[in-house]
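For reference, the structure is listed below as structure tokens.
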Amino acid sequence: MSNTATETDVPTVHEGLTLRAYGGELTNLKKLQPFSKDTPIEELQKRYHEDGVLWIKGLINRDIVNTCRRNYLTFMNRDSELLKPDTNHEEGIFSGNDWRNYILPGGTRLAMGLEDDGAFAENAVESHVAPFYLECKRQISKPIEDFVGRLCGFEEPWCLPRSLLRCSVPGAESTPVHYDQIFLRAGPPTSITGWVPIGDIELDGGGLIYLHGSQDIGRKYEEDFSRLNATLSDAEKISAVNRNMNKGGWLDRNSAQFGKHWGRDWLVGAYEAGDVVLHNPFMVHAGAMNESKTGRIRVSTDLRFVDKSQPFDERWTIAAYSDEDPNLARKFVKKAKT
């Protein structure tokens, strides 16, 4: 398969910008192009189909998002010393404690030899069903559902109950390279992810980065995994953490190395509260390291959208912490019952 991206429009280089992620520096970064929500839908459909990713400015209410940010960081700060004392919780300034204490539970912590214990890990799991988050999700999902319905021609666009709610403190390792169909294999590749920054995220603040023109790469990997998984049980075939996958379902922990291998640049943006970035289930992406000069904590949520009138991965109808680790699943059930 060719390593050359297929888009006709080449993004502008971010002159002088260097970010870090798993594996070291990311150089020659390019700008992810933003679009207005009022752009003709035909143009947006064309760009989404060709690029695999679509950044829409101001699609949802900024005030609702920032209220969620304040409530989330207050919630996560319980007994964890996450926030710098005597600072505004909505601003979300990191305390400066050891960042290893603030890695989200699941594959990344386990890969680092850390246990899923402590106040921060417990808060992270519980936050997914906290009333403030469920109310925020209820309010922001409707305009995104309406937009996704027009963009993808969904007869009954629906935000799946299971979602991801994440934060990344300055200096911490972030999300490795992956594509989302890995985690939605019990359904066809027709879902669409809405990545929602919960508050403004500077260019160096740890936002999502997208591998330029990488839908073909994601499809090729999934075809290869399907062949490798052919002899596995049905349950193992749809698992993101089966014997043929890396821990956590990642393609690579080294984002810099992965981009160089495929000869593709990483696309990045300075995201704002109210923005939504929509991406295809095969679009390869990762998280840059949060190197905010102001110490601002990155917060975001991943929402998955499907056409409810068509087949989809029904595992995502359970509103739980979205990690396939069975111990975390049991911990979530125990928390939900108390």
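Could you calculate the contour length gain from residue 27 to residue 74, that is, 0.36 nm times the residue separation minus the distance between their Cα atoms, to one decimal place in nm?
13.4 nm
Can you list the chymotrypsin sites (Phe, Trp or Tyr not before Pro) in the range 174-258 that are in a DSSP coil and have 16 or fewer other beta carbons within 10 angstrom?
Working: sites: 179, 183, 195, 210, 221, 225, 250, 258; in loops: 179, 250.
Listed in order of number, the matching sites amount to none.
Loop only by DSSP, 14 or fewer other Cβ within 10 Å of the Cβ. Give me the trypsin sites (Lys or Arg not before Pro) in the range 248-297 that pass, ordered by residue number.
293
Which of 46/137; 220/260; 142/308; 30/57 have a Cα-Cα distance over 23 Å?
Long pairs (Cα-Cα over 23 Å): 46/137.
Positive end of the charge dipole of the chain (Lys, Arg +1 and Asp, Glu -1 on Cβ, about the Cα centre): tell me which of 71, 282, 56 has its Cα farthest that way.
Working it through, the farthest residue towards the positive pole turns out to be 71.
Compute the distance in nm between two label points, each set 7 Å from the Cα along the Cα-to-Cβ direction, one at residue 45 and one at residue 220.
3.0
Rounded to the nearest 0.05, what FRET efficiency do residue 135 and residue 36 give with R0 = 35 Å and r taken as the Cβ-Cβ distance? Could you check? Mind showing how you got there, number by number?
Values: r = 27 Å, r/R0 = 0.78.
Result of the calculation: an efficiency of 0.80.
Let's test the formula: R0 of 22 Å, r as the Cβ-Cβ distance of residue 261 and residue 98. What FRET efficiency results, to the nearest 0.05? Spell out each step's value before the answer.
Values: r = 32 Å, r/R0 = 1.47.
My answer for the efficiency is 0.10.
Please list 212, 261 in order of solvent-accessible area, largest first, computed with a 1.4 Å probe with all protein chains present. All intermediate terms of the calculation are to be shown ahead of the outcome.
Working: 212 20, 261 120 Å².
Of 212, 261, the descending order of accessible area is 261, 212.
Determine, for each peptide in 153-159, 269-275, 39-45, 62-68, the mean count of other beta carbons within 10 angstrom over its residues, then list the peptides with the highest first. All intermediate terms of the calculation are to be shown ahead of the outcome.
Values: 153-159: 15.9, 269-275: 21.0, 39-45: 12.1, 62-68: 17.6.
Per-residue mean Cβ counts within 10 Å order the peptides as 269-275, 62-68, 153-159, 39-45.
Looking at the square roots a ≥ b ≥ c of the eigenvalues of the Cα gyration tensor of the chain, which shape do they give, rounded for a/c under 1.5, prolate if a/b is larger than b/c, or oblate?
Here the chain falls in the rounded category.
Pop a pseudo-label 7 angstrom from the Cα along the beta-carbon direction at both residue 12 and residue 88 and give the gap in nm to one decimal.
Distance between label points: 2.9 nm.
If pairing requires two Cys Cβ atoms under 4.7 Å apart, which cysteines of the chain are left without a partner?
152, 159, 167
The values are calculated or read from the model by the stated rules, or taken from the named source; none is laboratory data. Quick caveat, the model's predicted, so the values are computed rather than measured. Here the Cβ is made from the backbone with ideal geometry for all residues, glycine too, and neighbour counts use every protein chain on show. All accessible areas refer to the heavy atoms of the entire protein, side chains included, with ligands and DNA or RNA removed. Shrake-Rupley method; radii C 1.70, N 1.55, O 1.52, S 1.80 Å.
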